[in-house]
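The values are calculated or read from the model by the stated rules, or taken from the named source; none is laboratory data. Note that the structure is a prediction, hence the values are computed from the model and not measured. Here the Cβ is made from the backbone with ideal geometry for all residues, glycine too, and neighbour counts use every protein chain on show. When the accessible area is computed, the model is the full protein with side chains, heavy atoms only, and any ligands, DNA or RNA have been set aside. Shrake-Rupley method; radii C 1.70, N 1.55, O 1.52, S 1.80 Å.
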Amino acid sequence: MPKPIFILNGPNLNTLGRREPHIYGDQTLKDVEAACEAAAQASGAIIDFRQSNHEGTLVDWIQEASDAARALILNAGAYTHTSVALLDALRVLAIPKIEVHLSNPAAREAFRHNSYVSLASDGVIAGLGVYGYIAAIEAVKRLEAAA
């Protein structure tokens with residue numbers, strides 16, 4: 001069986017659709033997952049889509065991806081700006097890593113301008129809403145082809 005693309009989502013992303021829809025849109029995390037499933041299926045890939053509000057769980061999943069996944073797409077939410085633990089876990093991975101954000105952190109509050117995740121990512125997609133996840137799935141294919 002081929003390895004999946006891990007798509008990991010951090011804190012508060014389970015509240016999409018209710019949380020600041022003027023920033024994050026009105027689609028739920030289930031809607032995001034369905035869009036990712038469709039995009040992956042269209043490209044012949046499979047995904048493993050997960051969400052946790054807990055930093056340690058995300059670290060565990062990133063470590064699991066090392067052997068179990070062909071690539072990692074990560075929306076670390078607020079941990080993007082605070083978690084050296086996520087950065088350290090990401091630095092171990094030898095698979096493609098794409099950072100995704102629904103909004104554009106660079107256009108928001110100053111504390112959101114710093115990303116620890118970016119320091120270990122092959123690419124960053126921000127500000128495109130749910131389409132950012134689909135673009136990340138496409139980017140995985142291109143990164144794999146270039147390797």
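On the stretch given as the stretch 26-44, residues that are open to solvent by less than 60 Å² (accessible area, probe 1.4 Å) and in contact with a Gly (Cβ under 8 Å, 6 or more places away or on another chain) total 2.
Going through Ile23, Ile47 one at a time, which residue ends up being surrounded by 20 or more Cβ atoms within 10 Å (Cβ to Cβ), in contact (Cβ under 8 Å) with a residue 40 or more places away in the chain and over 12 Å from Leu74 (Cα atoms)?
On the way: Ile23 fails: surrounded by 20 or more Cβ atoms within 10 Å (Cβ to Cβ).
Just a single option satisfies the conditions, and that option is Ile47.
With respect to Ser43, determine if the residue is under 19 Å from Ala136 (Cα atoms), polar (S, T, N, Q) and in contact with a Lys or Arg (Cβ under 7 Å, 6 or more places away or on another chain). Judged against the criteria, Ser43 is a match.
Taking (1) within 30 Å of His22 (Cβ to Cβ); (2) under 15 Å from the mean Cα position of the chain (by Cα) in turn, Asp122 satisfies each apart from (1).
State whether one or more residues within the stretch 79-87 are at positive phi, under 15 Å from the mean Cα position of the chain (by Cα) and in a helix (DSSP H, G or I). Spell out the reasoning first.
Step one: list which residues in the stretch 79-87 are at positive phi, which gives none.
No: the stretch 79-87 contains no residue that is at positive phi, under 15 Å from the mean Cα position of the chain (by Cα) and in a helix (DSSP H, G or I).
Is it true that some residue in the stretch 68-77 is open to solvent by 50 Å² or more (accessible area, probe 1.4 Å) and either in a helix (DSSP H, G or I) or among the acidic types (Asp, Glu) (or both)? No, the stretch 68-77 contains no residue that is open to solvent by 50 Å² or more (accessible area, probe 1.4 Å) and either in a helix (DSSP H, G or I) or among the acidic types (Asp, Glu) (or both). The lone criterion from (1) within 18 Å of Asn14 (Cα to Cα); (2) modelled with pLDDT of 95 or more left unmet by Ala78 is number (2).
Tell me yes or no: at least one residue of the stretch 44-62 is in a helix (DSSP H, G or I) and closer than 22 Å to Ala147 by Cβ. Yes, the conditions are met somewhere in the stretch 44-62.
Scanning the stretch 14-41 for residues that are of a type in the set (A, V, I, L, M, F, W, C) and at pLDDT 95 or above, which turns out farthest from Leu86 (Cα to Cα)?
Step one: list which residues in the stretch 14-41 are of a type in the set (A, V, I, L, M, F, W, C), which gives 16, 23, 29, 32, 34-36, 38-40.
Among the residues that remain, those that are also at pLDDT 95 or above are: 29, 32, 34-36, 38-40.
Values: Leu29: 21, Val32: 22, Ala34: 26, Ala35: 25, Cys36: 23, Ala38: 28, Ala39: 26, Ala40: 25 Å.
Result: Ala38.
Scanning the stretch 109-147 for residues that are touching a residue at least 60 places away in the same chain (Cβ under 8 Å) and charged (D, E, K, R) yields a total of 3. Among the residues of the stretch 90-147 satisfying the criterion of being of a type in the set (A, V, I, L, M, F, W, C), open to solvent by less than 20 Å² (accessible area, probe 1.4 Å) and in a loop (DSSP other than H, G, I, E, B), which is nearest to Asn9 (Cα to Cα)? That would be Leu102.
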